[in-house]
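The values are calculated or read from the model by the stated rules, or taken from the named source; none is laboratory data. From a predicted model like this one, the values you see are computed outputs, not experimental measurements. Don't worry about glycine lacking a Cβ; one is built from the backbone with ideal geometry, like all the others, and counts go over all protein chains shown. Calculation scope for accessible area: heavy atoms of the full protein, side chains included, ligands and nucleic acids excluded. Shrake-Rupley method; radii C 1.70, N 1.55, O 1.52, S 1.80 Å.
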Amino acid sequence: MTKRYLDPKADLTFKKVFGEHPDLVISLLNALLPLSKGEEIESIEYLSPELVPENPLRKFSIVDVRCKDNRGRQFLVEMQMVWSREFEQRVMFNSAKAYVRQLNSKEEYHLIEPVYSLNIVNDIFEKDIPEYYHYYRMVHEKYSNKVIEGLHLVFVELPKFTPQTISEKKMQVLWLRYLTEIEECTKEVAQELLDNPEISKALTVVEESAYTEAQMAAYDKFWDIIRTERTYYNSARRDGFKEGHDAGLEAGYKKGEEKGIKEGIEKGRKEGIEKGIKEGIEKGIKEGIEKGIQEGIKEGLEKEKHETINRLKSKGFDIATIAIATDLSEEEVMRYI
């Protein structure tokens, strides 16, 4: 008989696999967290998933799995189906709350142990980054080797993962394949998954036959909620995009119109000045030519009068006779002599 599986990403199955089986959550954490050699988790103790805020009026924040190891390090594990900015803020709140809750008023700060938050997201939220694995911690802006230990936030984008994207950590690949390949329509499981003891056990936990009718109803309800949430989220994103697009167009038109008017005035002024200079030069040349001609004619007549008067005088004509011959007064004749 062919085995039928439930999707391990669902709330019910994820908490059953990793919230009830310490060996499986240890394997998952060691595979996905940035732990150096010698820092691997050896044993864990489950803690209450409820992180109670100091303000009683605020709601509890509940994580999927919360545990600590024999060193006192705390680990928060969350499976998120739809990404939102609020989820990122909740991750920061939960991590910080778990960190400060380690001490009471009689304890000292050096007793605080690191908190690791592992967040597996079945959505893409870093569209401009090709990698699926994102690790955040407090690092000096200029000197990256200077680190303040305390909070370690890890986000894994499942849709970006392919077995070819990583080659070093075998268990990381197997666990991510388990989370991305196993679902309700899975008919055949890859042999590599079946051959690994931890993954094989995790497959047994999500076999449909292991769940009661009430649990199956809760499982189906979870997916209904996810579909509704995704629909609302996509609708809001589309509406937001449309509003932003329309507002952008309006602002663009307004800015473009203002810029167009400004550039039009500047261009008109420039062209007007250039045209004015050109027409002024042309008009000046024309008027200059006309005036030059007139003055040339005038000078030519004056010269001719001067030469005529002096020629008549040299021939012995008196002033009165010259005046009659040139149609000038005797005073005017005297000016040319």
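Among the residues of the range 301-332, which ones are touching a residue at least 12 places away in the same chain (Cβ under 8 Å) and part of a helix (DSSP H, G or I)? Within the range 301-332, Lys305, His306, Thr308, Ile309, Asn310, Leu312, Lys313, Ile319, Ile322, Ala325, Thr326 meet the criteria. Please go through the range 100-132 and pick out each residue that is open to solvent by less than 10 Å² (accessible area, probe 1.4 Å) and more than 16 Å from Pro49 (Cβ to Cβ). Selection gives Val121 alone. Only one entry of Gly280, Gly248, Gly272 meets the criterion of being open to solvent by less than 90 Å² (accessible area, probe 1.4 Å), part of a helix (DSSP H, G or I) and modelled with pLDDT under 65, and that entry is Gly248.
The residues in the range 105-149 that are over 18 Å from Phe93 (Cβ atoms) and assigned to a loop (DSSP other than H, G, I, E, B) can be counted, and the count is 22. Considering the range 147-160, the residues that are hydrophobic (A, V, I, L, M, F, W, C) and open to solvent by 20 Å² or more (accessible area, probe 1.4 Å) include one that is farthest from Val100 (Cα to Cα), namely Val147. Just for the range 130-161: of the residues that are in contact with a helix residue (DSSP H, G or I) (Cβ under 9 Å, 6 or more places away or on another chain) and of a type in the set (Val, Ile, Thr), which one is farthest from Asn70 (Cα to Cα)? Checking each candidate, the answer is Val156. Note on the range 166-215: residues that are touching a Phe, Trp or Tyr at 6+ places or on another chain (Cβ under 9 Å), part of a helix (DSSP H, G or I) and open to solvent by 20 Å² or more (accessible area, probe 1.4 Å) total 5.
Going by what's in this entry, would Lys97 be described as part of a loop (DSSP other than H, G, I, E, B) and either open to solvent by 10 Å² or more (accessible area, probe 1.4 Å) or within 23 Å of Leu12 (Cα to Cα) (or both)? No; evaluated as a whole, the condition is false for this residue. Close contacts from the range 10-38, counting a first residue that is basic (Lys, Arg) and a second that is in a loop (DSSP other than H, G, I, E, B) and open to solvent by 20 Å² or more (accessible area, probe 1.4 Å), with Cβ to Cβ under 6 Å and a gap of 6+ residues or different chains, come to Lys15/Asp64.
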